[in-house]
Amino acid sequence: MLMDMLVPAAFKLFVALHIAFGSVGLVAFWIPVAGLKGGRNHRRWGRVFTWSMILTGAAAIGVSTCTLLDPLGTHPQLSDAAWVSGIFGWMMQGLAILTINLAWYGWLCIRNKTDHAGNREWRNLALQALLLLASINCAWQSWRIGEPLMLGMPAIGLATVATNLWFMLRSSPAPLDWLKEHIKALVGAGISVYTAFFAFGAVRTIPELALHPGLWSIPLVIGLTLIIYHRHAVSRPAAARARSRG
C-alpha cells in the first residue's frame with residue numbers, strides 16, 4: 001500500500017523536474033546554435049544547455065523507473081501495462097541515457113580540444129557502455145511487446161556509441177574532429193529533448209499523435225540538417241586553406 005502511494009508521488013515529482021529542466025534546454029539550445037560561435041554567449045548558454053540536458057535526462061530516468069515499478073499507477077489513462085512499460089519505461093530510459101551521453105560527451109569534446117586523451121575519462125567510457133546496454137535492452141523490449149517504433153532508440157543509440165568510440169579511441173584525430181564531434185553531440189542532445197517534447201508531451205494532449213512517426217521525424221530532420229550545415233561550415237575554411245597552400 002505504501003509503495004502504491006510513493007511511486008505515483010515520486011513519478012509526479014520527476015515529471016515536474018523533467019519538464020522544468022527540459023524547458024530550459026528547449027530555449028537554451030537555440031542560443032549557441034543560432035548565435036556567434038565561440039563568443040561569451042555561446043559558451044555561457046552552451047553550459048546552460050549541457051547541464052539542463054544532464055538534469056533532464058536524470059529526471060527522465062526517475063520517470064521511467066517509476067513507470068517500470070508501477071506502469072498503470074503512473075499512467076492511469078492507459079490500460080496495457082506491458083506497452084506502457086516498453087514505451088514509457090524502457091524506451092524513455094534509453095532516450096534519457098542517450099541525452100546524458102551526448103551532453104557529457106559533447107561538453108568533453110570542447111573541454112579537451114587540446115588534450116584528446118582526456119576524452120577517455122571513466123565517466124565518458126562508462127556512458128558508452130551504459131548506452132550500449134540500454135540500446136540492446138530497448139531492442140529486446142521492442143521485440144517482446146511487438147512495438148517496432150521502439151527500434152528508433154536502439155538504432156540511434158548504437159550509432160552514437162560507435163561514432164563516439166571511433167573518436168575517443170583514435171590516437172591522433174584530425175585537428176577539427178573535436179569540433180565536429182562537439183556539434184554532433186550537442187545538436188544530437190537537442191534532437192533528443194525535442195523528440196521527447198513532441199512524443200511524450202503529446203501523449204497527454206493529443207494521444208493519437210504521440211507515437212506517430214511523422215511527429216518524431218520533425219526534430220530528427222531539423223537536427224540532422226543543423227549538424228550537416230555546421231559541420232560543413234567548420235570544414236569549409238580548412239579546405240580552402242588547404243587548396244590555397246596546394
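The values are calculated or read from the model by the stated rules, or taken from the named source; none is laboratory data. What you see is a predicted model; the values in this text were computed from it and never measured. Cβ coordinates were reconstructed from backbone atoms using ideal geometry, including for glycine residues, and neighbour counts include every protein chain displayed.
Being among the aromatic types (Phe, Trp, Tyr), surrounded by 15 or more Cβ atoms within 10 Å (Cβ to Cβ) and at pLDDT 90 or above is true of Phe167. For beta carbons closer than 6 Å, sequence separation of 6+ or different chains, a first residue in segment 172-198 that is farther than 23 Å from Ala117 by Cα and of a type in the set (Gly, Ala, Ser) and a second that is at pLDDT below 90 and crowded, with 24+ Cβ neighbours inside 10 Å, the qualifying pairs are Gly190/Phe29. The single condition among (1) at pLDDT 95 or above; (2) touching a Lys or Arg at 6+ places or on another chain (Cβ under 9 Å); (3) under 21 Å from Cys66 (Cβ atoms) that Leu108 does not meet is (3).
So if I check each of Ile156, Ile145, which one is more than 27 Å from Asp177 (Cα to Cα) and β-branched (Val, Ile, Thr)?
Working: Ile156 fails: more than 27 Å from Asp177 (Cα to Cα).
So the residue among Ile156, Ile145 that is more than 27 Å from Asp177 (Cα to Cα) and β-branched (Val, Ile, Thr) is Ile145.
Scanning segment 3-32 for residues that are farther than 16 Å from Thr67 by Cβ, touching a helix residue (DSSP H, G or I) at 6+ places or on another chain (Cβ under 6 Å) and not hydrophobic (A, V, I, L, M, F, W, C) yields a total of 3. Please indicate, with yes or no, whether at least one residue in segment 54-76 is under 17 Å from Ile191 (Cα atoms) and either more than 12 Å from the chain's Cα centre (by Cα) or among the β-branched types (Val, Ile, Thr) (or both). The answer is yes; a qualifying residue exists. Scanning segment 148-162 for residues that are crowded, with 17+ Cβ neighbours inside 10 Å and more than 25 Å from Phe29 (Cα to Cα) turns up just one, Met150.
Of all residues in segment 45-62, those that are without any contact (Cβ under 8 Å) to a residue 40 or more places away in the chain have Cβ atoms under 6 Å from Cβ atoms of residues that are surrounded by fewer than 19 Cβ atoms within 10 Å (Cβ to Cβ), 6 or more apart or on another chain, in Trp45/Ile31; Ser52/Val24.
For segment 17-40, give me each residue that is in a helix (DSSP H, G or I), surrounded by 12 or more Cβ atoms within 10 Å (Cβ to Cβ) and either in contact with an Asp or Glu (Cβ under 8 Å, 6 or more places away or on another chain) or without any contact (Cβ under 8 Å) to a residue 40 or more places away in the chain (or both).
Narrowing segment 17-40 to residues in a helix (DSSP H, G or I): 17-28, 30-34, 40.
Within this subset, residues satisfying the condition of being surrounded by 12 or more Cβ atoms within 10 Å (Cβ to Cβ) are 17-28, 30-33.
Ile19, Ala20, Phe21, Ser23, Val24, Val27, Ala28, Trp30, Ile31 - these are the residues of segment 17-40 that are in a helix (DSSP H, G or I), surrounded by 12 or more Cβ atoms within 10 Å (Cβ to Cβ) and either in contact with an Asp or Glu (Cβ under 8 Å, 6 or more places away or on another chain) or without any contact (Cβ under 8 Å) to a residue 40 or more places away in the chain (or both).
Could you tell me whether Ala189 is modelled with pLDDT under 95, surrounded by fewer than 24 Cβ atoms within 10 Å (Cβ to Cβ) and in contact with a helix residue (DSSP H, G or I) (Cβ under 9 Å, 6 or more places away or on another chain)? I'd like the intermediate steps shown before the answer.
Numbers: modelled with pLDDT under 95: yes; surrounded by fewer than 24 Cβ atoms within 10 Å (Cβ to Cβ): no; in contact with a helix residue (DSSP H, G or I) (Cβ under 9 Å, 6 or more places away or on another chain): yes.
So Ala189 does not fit the description; no.
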